[in-house]
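**Student:** Here's a structure for you.
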Amino acid sequence: MDFRFRASGIWEIMGDPRTGTGLSQTAKTALDSMAKEFVYGYCQIIDSKEMKKGTDCEDDSIALLNAVLFTNYKKNEEKKKDEYFSGSCDLWVPGERIRDIKTAWSLHSFPATSDKVDQIAVKSGYDWQGRVYMRLWDEQAFSVDYCLVTTPPDLRRYEQKELHEVDHIPPHLRVTSAHYKRDLSLEQKMVDKVGLAREYLKDQVARINLDHKI
Amino acid sequence: MSNEIIEMPQMQTAVSTQAVGSTPSDLLIHAMNSGASIEQLEKLMDLKMRHEANEARKAYVQDMAQFKMNPPQIIKDKLVAFSGTRYTHATLGAVTQAVAAGLAQHGFSHRWDTKQDAGQITVECIITHRLGHSESISMTARPDDSGKKNAIQQVASTITYLQRYTLMAATGVAAMDESDDDGHAAGAQTEPERKPAQKHTLQGPQFDKALLSIRSGQYTPEEMRGYYELTTDQETALSDLVAELAK
């Protein structure tokens, strides 16, 4: 029973504890939920208007990025996995980089500088997500591309129209990117954390089963 | 003094006339006080009820007209996307929430009665005004057996569909936005409403970069024309490049 970690969820176990080494309390809490989902056979689906826009408008965001970079990138549909990780990146530019598309909810939440994108990426763990993709696709660079596209009216509902209808803004002002290089030491850190997480998960699964022994 | 004597009878007359009044209710009270027969009272009671019903109907029409002058906005709150098809539609919850709130402001409430008979489901939407007048609209359909619904879901789907449409029909809202989906979905389907993206211009250096991308095969003329409004000179340069690459 070796758990493989999804790229989008790896950030949850990457924090360091306040003292010593091992897993952080945040990581343990996330792993507790994973153990429970494994034993009880369910999967919690987290949904929000921001996530829905990300899914519904992904094609628009890729088209915007293509218009700004003058490229014809297509959405990657392939899912990859290795011994530790699995994932499906948004865009793969062979021999160049992995690109992850993030669709901003509104003009207000859109990061207008690469520093802001980096802050969000670090806070939300997108950088770790990218490191998993770089490993799986064996690429040396990764970009987080924040795209600002018009929010469909059914998602925007009663929110301020001018923060959501953004087609009039020049395309180059509606894409902000942050770039990352592959770092093998950080990759090793992820592998180490996965090792610790697997041990913790095994213990938690055993504990749940023990507490409910027939 | 003489003025007061003259005025008093006039006031009494006025009060007396108002007490009898001209409405059926006034006549009924007057008749009861005058010792009218049961038959006379029944006729007056009947007259009173018809008068009130007529007043309620007039108030219904008047307030419904007011409601329709400023109909509620129906939010198409559900996106359906599959196999290249993409549209939004208003769910029953969105329709009901918007319409009920608007109706309440004008003294209306609504309810549905549902019946099943010989495999047919009939939903009646009843709109009632605060003065008691009601009007209703009924629609009948078979259970919606599209997709992989079980028997209960088929009935529920049709009821949901009919509830939405009877409410809209009874109140006259959103009819302009709707297109029929042949009852295949429990949603008021609407045409895709997304506007085509606004085209932008390309400045000199950007245009040169775009041409380089086209030359290297990373970008296409179609994509450029699809996203950007090109000037005559840019269009000429692009056409020249396309011709050159075609050789």
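**Student:** Counting only C-alpha contacts under 8 Å and six or more residues apart, can you give the relative contact order of segment A:58-168 as a whole percent? Intermediate values should be presented prior to the final figure.
**Tutor:** Details: 156 pairs, mean separation 32.0, N = 111.
In percent, rounded to a whole number, it is 29.
**Student:** State the answer as a single residue: which of A:Ile101, B:Val173, A:Pro17 lies farthest towards the positive end of the charge dipole of the protein assembly as shown, with beta carbon charges of +1 for Lys and Arg and -1 for Asp and Glu, about the Cα centre.
**Tutor:** Most positive-ward Cα: A:Pro17.
**Student:** As a test of reading the structure, rank B:Met32, B:Met69, B:Met64 by solvent-accessible area (1.4 Å probe, protein chains only), most first.
**Tutor:** On the way: B:Met32 115, B:Met69 145, B:Met64 15 Å².
Heavy-atom accessible area, descending, gives B:Met69, B:Met32, B:Met64.
**Student:** Points 7 angstrom from Cα along the Cβ direction at B:Thr201 and A:Asp192: gap in nanometres?
**Tutor:** 5.7 nm
**Student:** Given the convex hull over the Cα atoms of segment A:157-196, what projected area results after averaging over all orientations, in nm²? Walk me through the numbers on the way to the answer.
**Tutor:** Details: hull surface 24.2 nm².
Across all orientations, segment A:157-196 yields a mean hull projection of 6.1 nm².
**Student:** On a straight-distance basis, which aspartates and glutamates could pair with A:Lys123 in a cross-link, Cα separation under 17 angstrom, same-chain partners fewer than 8 positions away excluded?
**Tutor:** A:Glu12, A:Asp16, A:Glu50, A:Asp100, A:Asp115, A:Asp145
**Student:** For segment A:56-214, with every protein chain kept in place, what is the accessible area per residue (1.4 Å probe, Å²)?
**Tutor:** On the way: 7680 Å² over 159 residues.
Per-residue value: 48 Å².
**Student:** For peptide B:225-237, what's the mean number of Cβ atoms from other chains within 10 Å of each residue's Cβ?
**Tutor:** Details: counts 0, 3, 7, 2, 0, 0, 0, 0, 0, 0, 0, 0, 0.
Taking all residues of B:225-237 together, the mean is 1.
**Student:** If you take the square roots of the eigenvalues of the alpha-carbon gyration tensor of segment A:99-214 and sort them as a ≥ b ≥ c, do you get rounded (a/c under 1.5), prolate (a/b over b/c) or oblate?
**Tutor:** Numbers: a/c = 3.75, a/b = 1.64, b/c = 2.28.
Oblate.
**Student:** Of all the C-alpha pairs in the protein assembly as shown, what % are more than 27 Å from each other?
**Tutor:** Within the protein assembly as shown, distances greater than 27 Å cover 72 percent of Cα pairs.
**Student:** Could I have the simple spin-label model distance between B:Met32 and A:Val39, label points 7 Å from Cα toward Cβ, reported in nm to one decimal?
**Tutor:** About 7.4 nm, to one decimal.
**Student:** Still on this structure, I have one more. How much of the DSSP bridge set in segment A:25-153 is antiparallel, in percent, rounded to the nearest 5?
**Tutor:** Details: 5 of 11 bridges.
Antiparallel: roughly 45 percent of the beta bridges in segment A:25-153.
**Student:** For segment A:1-150, what is the Kirkwood estimate of the hydrodynamic radius, computed as the reciprocal of the mean inverse distance between distinct Cα atoms, to one decimal in Å?
**Tutor:** Numbers: mean 1/r = 0.0594 Å⁻¹.
Answer for segment A:1-150: a Kirkwood hydrodynamic radius of 16.8 Å.
**Student:** How well do other chains shield peptide A:32-39, expressed as the mean number of their Cβ atoms within 10 Å of each residue Cβ? Before the final figure, lay out each step's value.
**Tutor:** Numbers: counts 0, 0, 0, 0, 0, 0, 0, 0.
Per-residue shielding by partner chains comes out at 0.
**Student:** Another question, if that's okay. Taking the Cα centre of segment A:62-109 as origin, sum charge times position over the Cβ atoms of Lys and Arg (+1) and Asp and Glu (-1), and report the length of that vector in debye to the nearest 20. It would help to have the intermediate numbers written out before the result.
**Tutor:** Details: 8 positive and 7 negative charges, 25 e Å.
About 120 debye.
**Student:** Run the numbers on chain A and let me know its relative contact order in percent, using alpha-carbon pairs under 8 Å that are six or more apart. Write out the running numbers ahead of the final one.
**Tutor:** Details: 323 pairs, mean separation 56.9, N = 214.
Computed value for chain A: 27 percent relative contact order.
**Student:** While we're here: Give the separation of the Cα centroids, segment A:130-170 to segment A:41-55, in Å.
**Tutor:** 16 Å
**Student:** Divide by every residue of chain A the summed helix terms, -39500 (n - 2.57) for each DSSP H run of at least 4, and state the resulting mean residue ellipticity at 222 nm, rounded to the nearest 500 deg cm²/dmol. Please list the in-between numbers first.
**Tutor:** Working: 7 runs with 91 residues, N = 214.
Theoretical 222 nm ellipticity from helices: -13500 deg cm²/dmol.
**Student:** Now for a separate question. Given the convex hull over the Cα atoms of segment A:33-107, what projected area results after averaging over all orientations, in nm²?
**Tutor:** 7.3 nm²
**Student:** Per residue of B:202-214, count partner chain C-beta atoms within 10 Å of its C-beta, then hand back the mean as an integer. Write down the numbers at each step before the final one.
**Tutor:** Details: counts 5, 2, 0, 0, 5, 1, 0, 2, 3, 1, 1, 5, 2.
Counting other chains' Cβ atoms within 10 Å and averaging over B:202-214 gives 2.
**Student:** Now, a different point. Treating the angle as unsigned and between 0 and 90°, give the value, to the nearest 10°, between the Cα long axis of helix A:25-40 and the longest Cα principal axis of chain A.
**Tutor:** Helix A:25-40 sits roughly 80 degrees off the main axis of chain A.
**Student:** Also: Quick check on packing: order A:130-141, A:26-37 by the mean number of other C-beta atoms within 10 Å, highest mean leading.
**Tutor:** Numbers: A:130-141: 20.9, A:26-37: 16.8.
Highest mean packing first, the order is A:130-141, A:26-37.
**Student:** Still on this structure, please answer the following. Out of A:Pro152, A:Leu173, A:Val122, whose Cα points farthest toward the positive end of the dipole of segment A:120-214 (charges: +1 Lys, Arg; -1 Asp, Glu; placed on Cβ)?
**Tutor:** My answer, from the dipole projection, is A:Val122.
The values are calculated or read from the model by the stated rules, or taken from the named source; none is laboratory data. Because the structure is predicted, anything quoted here is derived from the model rather than measured. Cβ atoms come from the backbone with ideal geometry, glycine included; neighbour counts cover every protein chain shown. Just the protein is used for accessible areas: all its heavy atoms, side chains included, with ligands, DNA and RNA removed. Shrake-Rupley method; radii C 1.70, N 1.55, O 1.52, S 1.80 Å.
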